[in-house]
Amino acid sequence: MDCALTPEQQQLRQMVRDFAEGELAPAAEALEREERFSTELTQKMGELGLMGVMAPQQYGGLGLDTLSYLLIVEELARVHASHAATVAAHNTLGVGPIARFGSEAQKECYLPDLCSGRRLWGFGLTEPDAGSDAGNSRTTASLRDGQWTINGAKIFITNAATTITAGSTVQCVTGTDASGRKEMSCLLVPQGTPGFTTRTMKRKMLWRASNTAELFFDNVRVPEDHLLGTRGMGYKYMLQTLDSGRLGIAAMGLGGAQGAYDAALAYAKSRKAFGQSVASFQGNAFKLADCAMQIEAARALLYKACWLKDAGHPFGKEAAMAKLFCAQTMKLVADHAVQLHGGYGCMEEYPVARFYRDAKLLEIGEGTNEVQRLVIARQIGCFESA
Amino acid sequence: MKIGVLVKQVPDTATKIVLTANGRGIEEGNVKWVMNPYDEYAVEAALRLQGPLSAEVVVFSLGPARAVETLRMALAMGCDRAVRIHAETPLDAFATGNALAVAIAASGCELVFGGKQAVDDDAGQVLQIVAEVLHWPVVSVANQLHVHAGNDGITVHRPAAGGVTEVVELGFPAVIGCDKGLNTPRYPSLPGIMKAKQKPLTEQQSRDLLGGVSPHVVLQQFSLPPDRPAGRKITGDPENVAQQLVDWLHNEIKVI
Ligand SMILES: Cc1cc2nc3c(=O)[nH]c(=O)nc-3n(C[C@H](O)[C@H](O)[C@H](O)COP(=O)(O)OP(=O)(O)OC[C@H]3O[C@@H](n4cnc5c(N)ncnc54)[C@H](O)[C@@H]3O)c2cc1C
C-alpha cells in the first residue's frame, strides 16, 4: 500500500488547516455556547470546494480520491468537530447516495447545488425506535397512481433542518418481499413538500454547532421518480453508504485526537508545577508518548482502509476497524488532554473541554462501537459454525 | 496586460530558528516553509486585477527547489503561470533584484506586485532594486489600490508619518509593495489546487539572467539574539523605590 501524499494532497491539507485555524477556531466557542449552526462558514467551506469532494465533476463535484476527502475531514476535526461533521455528513451521507445510486435526472437536479455547498442534504435512516437495528424501520411509503405517500418519523438526522437544507434521503418500508421480510427503499424528499416538517434538536451535549434534526412525515406525497435507484434496495444502499461514511467518522476521530494532542503537548510543556514543566513528569510524558503512538497507529489503519477502497478492494471490515479504533483513540487522547490541563481543562474556554465532549459521538454515530464489533466479528467468521 | 508577482518562501514565523554549525545558515530540518505573509497580499492584489484588466498573472520566485511549493500555492490561489529562478550560490538583495528584473522584463509584465518586505531577513530591498534596474517607479507600503477608470494607471495609498495618507498616481509600468490590510488574501480552493497541477511552472538560471552582475554583499555569519537578561528587582519603601526607578529609567535606560 502506498499512502504517501501527492503534492496536491499536501497542499489541500495545508489549505484546510489554514482555513480551520483562521476561520473555524475563532468562531467555535461562541457557536458552541449558542448551539448555533453557521450557514456562513458552511458556505465558505463550499466555496473552497469541500462539499462535493468525491462526486463526479460533471455534476459539480471534484471527483477526488477518498484519501483527499479524509484529509479534509481530519484537518477540520483537528480544530472543530461540528464543522467536520457538517462536511463529512454532507459528502458521504448527503451527496454520496445520490451520486452513487441516483438517476441521471436526480443527479442533474440536486448535485450541482449540493456539491457547491449552496444547499445541504440529509440522510434519514435512524428512527425513534430503530437505530442500530435500522432494518426494523417503521416509516412507510406506499405507491399509488404514480405517487409515494410517506408516513413516519426519523430522528438525529445531520444537516436536515438548516435554512439551506434542500431535502433528505429517507429509508422507508415499501412493502414485504417474497420471503415475508420488509422491503426497504430510499426516497428523496425535498424540503417544503406538504406534510414534511423538520425540527432542529436542541440541548445536545456535543456537536453543538452541527445541525441535528427530527423529521416528520404526515401523508407526504412525492412523485414516483423520487425513488432512489431500485425499489427494495434501500437497506443495501444505506449499508454501503455507511461503509464509506465510517471512514469519514474515523477521520473525525483521528483529527480530533490530533487536535487534542497538539493542545495537550503545548500546554503541558508550558505549564510549570514544582519547578518543572508538567510534560516533564515521567507519568505525563508517558501519557503523551502513548497518545502520539495511538495517533500514528490510527492514521496507518485509516489510510490503509482508504487505500483498499480506492484500489477497489473490499474494505468494510477495515473501515469498521478504523472507525472503532479512531473513535477510541480520540476518547483516550481527549481524556489525557483534559487531565494534563488540570482545572483549566474543565473550562469551555480551553478547546480540550470541547474535544472531550465531542469524542463521545464517534462511539455512537454511524454505527456504535458495538455495531462495529459486530461487523468485524461477522467478517472474521465468528457467527459461522466450523 | 501581464501582471507579475514576486513571492519568497520563508520559515513560518512560529518556527524556532536553529543555526547551522558554521553559522552561515539555518537548520532546515524542522522548518515549516510558507509564503512570505506580505506576498500573500501581493498575490491577492494581482488576482483582483486579473479579471478587470484581462491580465495574465505571472508569479516569480528566486529560491531553492522547495520554493516550488510556494509557487504552487500562488497558482492554486489563481495565478496563471509560475517561474522559479534557481541560484547556484546564495545571492544578496542586489543580485536577486537584478535577476528578477531581467526575468520580469523578458516576461512582458507591466505591473509588478510584491510584499513590502520578507519576514525572514526583513531587508526590504528587492522591490526597489527591481524598479531601479527596470527604471520603473516604485511605491511601497501600499494599503489601498484603485485602477484608473481607463485602466491606464493606478492610484496607491500609503501611510506616512503622523497618520497622514500619501496618495500616489502611477502609470504603467510600475512596482508596488504591499502591506497588511491592503486586502484579505483568499485561501486556495480545492478546485484551484487541482487546476494548478496543469499550469506551467518553468525554471530559469540566475547566472543566465545576471550576465556579469554579482552580489555586493556576502553573508559571513548569523547570530541569534542574546538571551533576555534577568529582570531587575527594586525593593524598599515606596519613596525609595520610585526614586530608584526614576534614576534607572532616566540615567541608564534613558527613556524619560
Ligand atoms: C449527533 C448525532 C448525529 C446523527 N446523525 C445521523 C444521521 O445523519 N443519519 C442517521 O440516520 N442517523 C444519525 N444519527 C443516529 C445514530 O446513527 C444512532 O444514534 C446510532 O446508530 C445508534 O442508534 P440508537 O441511538 O437508536 O441506539 P440503539 O440502537 O438503541 O443502541 C443502544 C445501545 O445498545 C447497543 N446495541 C444495539 N444493538 C446491539 C447488538 N446487537 N449488540 C450489542 N449491543 C447493541 C448499542 O451499541 C448502544 O450501545 C446521529 C446521532 C447523533 C447523536
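The values are calculated or read from the model by the stated rules, or taken from the named source; none is laboratory data. These figures come from a predicted structure and were not determined experimentally. Using ideal geometry, Cβ is built from the backbone for each residue, glycine included, and neighbour counts are taken over all protein chains shown.
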### Query
Can you name every residue in the range A:15-32 that is within 11 Å of another protein chain (Cβ to nearest Cβ) and more than 20 Å from residue B:69 (Cβ to Cβ)?
A:23
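If you take just the helices (runs of 4 or more DSSP H) that sit entirely in the range A:76-139, which of them hold at least 2 residues that are at pLDDT 95 or above, within 14 Å of another protein chain (Cβ to nearest Cβ) and more than 10 Å from the ligand (Cβ to nearest atom)? Please lay out each step first, then the result.
Numbers: elements: A:81-88, A:96-101, A:104-115.
Qualifying helices (runs of 4 or more DSSP H): A:104-115.
Go through the residues of the range A:366-382 one by one and say whether even a single one is among the polar types (S, T, N, Q), more than 16 Å from the ligand (Cβ to nearest atom) and farther than 30 Å from residue A:35 by Cα.
Within the range A:366-382, not a single residue is among the polar types (S, T, N, Q), more than 16 Å from the ligand (Cβ to nearest atom) and farther than 30 Å from residue A:35 by Cα.
Please go through the range B:190-206 and pick out each residue that is more than 14 Å from chain A (Cβ to nearest Cβ), within 22 Å of the chain's Cα centre (by Cα) and not small (Gly, Ala, Ser).
Quick first cut of the range B:190-206, residues more than 14 Å from chain A (Cβ to nearest Cβ) only: B:200, B:202-206.
Right, trim to within 22 Å of the chain's Cα centre (by Cα) and you get B:202-206.
B:202, B:203, B:204, B:205, listed by residue number.
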### Message
I'd like to check which strands (runs of 3 or more DSSP E) are fully inside the range B:75-158 and have at least 2 residues that are more than 18 Å from the chain's Cα centre (by Cα).
### Response
B:144-147
### Message
The conditions are (1) away from the ligand (no atom under 12 Å from the Cβ); (2) among the hydrophobic types (A, V, I, L, M, F, W, C); (3) away from chain B (no Cβ under 14 Å), and residue A:201 fails exactly one of them. Which is it?
### Response
(1)
### Query
When only residues in the range B:11-44 that are closer than 17 Å to residue B:90 by Cβ and of a type in the set (S, T, N, Q) count, which is surrounded by the fewest Cβ atoms within 10 Å (Cβ to Cβ)?
B:22
### Query
What single numbered condition from (1) surrounded by 15 or more Cβ atoms within 10 Å (Cβ to Cβ); (2) within 14 Å of another protein chain (Cβ to nearest Cβ) fails to hold for residue B:182?
(2)
### Task
Mind listing whichever residues of the range B:45-59 are surrounded by 22 or more Cβ atoms within 10 Å (Cβ to Cβ) and not small (Gly, Ala, Ser)?
B:47, B:57, B:58, B:59
### Summary
The correct count of residues that are within 22 Å of residue A:110 (Cβ to Cβ), polar (S, T, N, Q) and away from chain B (no Cβ under 14 Å) in the range A:33-57 is 2
### Residue identified as farther than 24 Å from residue A:20 by Cβ and under 20 Å from the mean Cα position of the chain (by Cα) among A:304, A:323
A:304
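Tally the residues that are β-branched (Val, Ile, Thr) and either within 16 Å of residue A:228 (Cα to Cα) or part of a strand (DSSP E or B) (or both), restricting the search to the range A:159-186. Give the steps one after another, and end with the answer.
Filtering the range A:159-186 down to residues β-branched (Val, Ile, Thr) leaves A:162-165, A:169-170, A:173-174, A:176.
After this cut, where a residue has to be either within 16 Å of residue A:228 (Cα to Cα) or part of a strand (DSSP E or B) (or both) as well, the list is A:165, A:169-170, A:173-174, A:176.
Counting residues in the range A:159-186 that are β-branched (Val, Ile, Thr) and either within 16 Å of residue A:228 (Cα to Cα) or part of a strand (DSSP E or B) (or both) gives 6.
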